[in-house]
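What follows is a set of notes on a single structure, which appears directly below.
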Amino acid sequence: MKNTKKSETGGGRYSLLTESNFARASAGKLIFLDFTADWCPSCLEFAQVFAAVSAEIREANFFKVDADSVAMLDGLFGYTAVPYIIAVNDGKIAAEYEDFPRTAESYGKWVRRQIARYGGNR
């Protein structure tokens, strides 16, 4: 997928999700989204966790979403705060990650549970 980017915080494996590539990225697939914003301290903290888990778990597709620039996705998912961290299965919210503290161990276990439930890369 285009726009694959290495994280500045540790070499994550994820792509940037936009309104133009959402349908293709999510159709018939389980994907993990991190809605984030540059001005958000909690988002910057979670960026390290997201990067570590996305680099480790190869059987899943991970995407960062710039919450300030994707109005259509904002309306589709109805989030009110960032970071907003979700699993999307076939274009619909499958699960929200709400654990605190947000650690790589906790997030990695949550991702693996979603893969076990919905299937990995398909």
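A few remarks follow.
- Karplus (6.51, -1.76, 1.60) ³J(HN,Hα), θ = phi - 60°, over region 78-84, in Hz, Gly and Pro reported as x: x, 6, 10, 8, 10, x, 10
- Compactness index (Cα Rg / 2.2 N^0.38 Å), the chain: 0.94
- Straight-distance candidates among the aspartates and glutamates for linking to K92, with alpha-carbon spacing under 20 Å and chain neighbours fewer than 8 residues away dropped: E19, D34, E59, D66, D74.
- For region 100-112, the Karplus equation 6.51 cos²θ - 1.76 cosθ + 1.60, evaluated at θ = phi - 60°, returns couplings of 9, x, 8, 10, 5, 5, 5, 5, x, 5, 4, 4, 4 Hz by residue, with Gly and Pro reported as x.
- In sequence order, region 33-43 has phi-based couplings of 10, 10, 7, 9, 8, 4, 8, 9, x, 5, 5 Hz under the Karplus curve 6.51 cos²θ - 1.76 cosθ + 1.60, θ = phi - 60°, and Gly or Pro positions carry x.
- Scanning residues 5 or more positions from A94 or on other chains, those with amide H under 5 Å from its amide H are A87, V88, N89, with H placed 1.01 Å from N in the peptide plane.
- DSSP beta bridges in the chain [antiparallel fraction, %, rounded to 5]: 60 percent
- Sorted by Cβ density within 10 Å, fewest first, the residues T36, T80, T103: T80, T103, T36
- Student exercise, region 4-118 dipole from Lys, Arg, Asp, Glu Cβ charges, in Debye to nearest 20: 540 debye
- Put simply, the amide H of L30, placed in the peptide plane, has neighbours under 5 Å in D90, R122, leaving out anything fewer than 5 places away on its chain.
Laboratory data are not the source of any read-out in this text; all were calculated from the coordinates shown. Note that the coordinates shown come from a computational prediction; the quantities given were computed from them, not determined experimentally. So basically every Cβ, Gly included, is an ideal-geometry build from the backbone, and we count neighbours across all protein chains shown.
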